[in-house]
Amino acid sequence: KLFTIIQTPILWSTILFFIYFLISYSWSESTIWNITTQKQILILLLPVLYTLNFKNNYINKAKHGFLIGLFINILLSMFTLIYPQNNFFKKGHYENNLFAHGFLDHFDYSIFLCFGVLLAISLYKLKKPILGLVLVMILSVALLNSYGRIGIIAFCIFFPISIFMQSNSRFNYIFLFSILVFIVISFYTFSPFKNRITQTIYNIEQIYNPLSLEEKIELDAIYLSNKDSLTKEFYIGKIKQDAKWIEYIKNKTPQYETSIGQRYIYTKNSIKLTKKKPLFGFGANQFQHTYQSIFDDKNTKHPHNNFIFIMIELGLFGLFLVLLIFAFHIKQYFTSNTKSFLKFIFPLFFMFIMF
């Protein structure tokens, strides 16, 4: 098994990254035992799992088990639409928004649903195409109502690739056209899907075209009028009579208070950090401390982009070692005798989520 590990690029490149991660503590200000190290130690399970002799029958059962788990979540999410005040769905992000909550946070849920679509294609498209189409439709409906933006974007990217990697036939175009029509209809049918698209576009526009002072005053007036019986016009007049209030509103930056705006700031600030120590970074477990101390921000713990996170902590060399793992994974697809499209899609899918 040790010989297998040495001879397998995916395994030795992963172990090499882990060793470099531990070495980076020599220039980090952090102690070596922390939550980051505890998470990274899970990497060492990879050579153990890889060298176990899993039978194909067991692997197929695991795939079906994953899909069954998703359908349990879908059933639960339907229950939350009928009876929102229950203790089953995951609390946290968008808790007060009405959409199909599941056991998982909306981010993870949407990713799993998207991967479930890809899994259903690989299992049924060639053997049982009608069953595959039905499963993809059900999972897609759940995905578009999950409020998970990343899963929906991943679906739009990887679904067409998956269809055409399976086989080159007329059915591909029928399958793809059916789903595209379905997505267009869904935009006008499912409010969570429509809200996420329109909200995202609006948030991006706000960054490049910030609100004027008049628009900011109107927003504050609307917010205040919703809290009592007084009108928006009343509060606009009241605000304009108070110079300090106007100055306070003028200094507001609502374009950076949205999820898209916050990510924009994280990325902008993080790029400045990467330029300070580009080759080897600040060392493991240093992002939070470094970011918060330099930018006087006590809340940010992660830049919401794993490549930037790695760049800041481990530098360009650490990022190279991470990309090397995925490069070997993709290479394995082209050198393998069995062209399972999941071998090609999964590393790309994972890197997209990291981004």
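The values are calculated or read from the model by the stated rules, or taken from the named source; none is laboratory data. Just so you know, these numbers come straight off a predicted model, no measurement behind them. Neighbour counts are summed over all protein chains in view; Cβ atoms, including those assigned to glycine, are modelled from backbone coordinates with ideal geometry. Note: accessible area is taken over every heavy atom of the protein model, side chains too, but ligands, DNA and RNA are not part of it. Shrake-Rupley method; radii C 1.70, N 1.55, O 1.52, S 1.80 Å.
Worth a mention:
- 20 Å Cα-Cα reach of Lys39 towards aspartates and glutamates, excluding residues that sit fewer than 8 places from it in its own chain: Glu29, Asp105, Asp108, Glu313
- Listed residues Phe190, Phe66 arranged by accessible area, highest first, probe 1.4 Å: Phe66, Phe190
- Extreme residue, positive dipole direction of the chain, given options Thr267, Leu42, Leu81 (C-beta unit charges): Leu42
- Across the range 199-355, C-alpha contacts under 8 Å between residues 6 or more apart give a mean separation that, scaled by the residue count, equals a relative contact order of 17 percent.
- Cα lying deepest toward the dipole's positive end in the range 155-253, options Asn209, Asn195, Ile222, charges on Cβ: Asn195
- Asp105 accessible area, 1.4 Å probe, all protein chains in place, Å² to nearest 10: 20 Å²
- In the context of the full protein assembly, Phe54 retains an accessible surface of approximately 90 Å², using a probe radius of 1.4 Å and ignoring ligands and nucleic acids.
- The charge dipole of the chain, taken about the Cα centre with unit charges on the Cβ atoms of Lys, Arg (+1) and Asp, Glu (-1), comes to about 1160 debye, rounded to the nearest 20.
- In the range 226-279, inverting the average of 1/r over every pair of distinct C-alpha atoms gives 14.4 Å as the Kirkwood radius.
- Efficiency of FRET between Cys156 and Val134 - r from beta-carbon atoms, R0 30 angstrom, step 0.05: 0.90
- Each of Ala243 and Leu81 was given a label point 7 Å from its Cα along the Cα-to-Cβ line. The distance between the two points is 5.6 nm.
- For a straight C-alpha distance cut-off of 22 angstrom, the lysines reachable from Lys339 (same-chain residues fewer than eight places away being disregarded) are Lys55, Lys61, Lys63, Lys125, Lys127, Lys128, Lys331.
- Anchor Lys232: lysines whose Cα lies under 22 Å away (excluding residues fewer than 8 positions away in-chain): Lys216, Lys240, Lys244, Lys250, Lys252
- Taken along its principal axes, the alpha carbon cloud of the chain reaches lengths of 77, 56, 38 Å, longest axis first.
- Between the range 229-244 and the range 269-332, the Cα center-to-center distance that results, in Å: 46 Å
- Sequence of Val322, Val184 when ordered by accessible area, the most exposed leading, probe 1.4 angstrom: Val184, Val322
- Amide H partners (placed H, <5 Å) of Phe280, local residues excluded: Leu316
- Across the range 199-205, rounded Karplus estimates of 3J(HN,Hα) from the backbone phi angles (6.51 cos²θ - 1.76 cosθ + 1.60, θ = phi - 60°) give 5, 5, 4, 5, 5, 5, 4 Hz, Gly and Pro being marked x.
- Relative contact order (%) - the chain, alpha-carbon pairs under 8 angstrom, separation at least six: 19 percent
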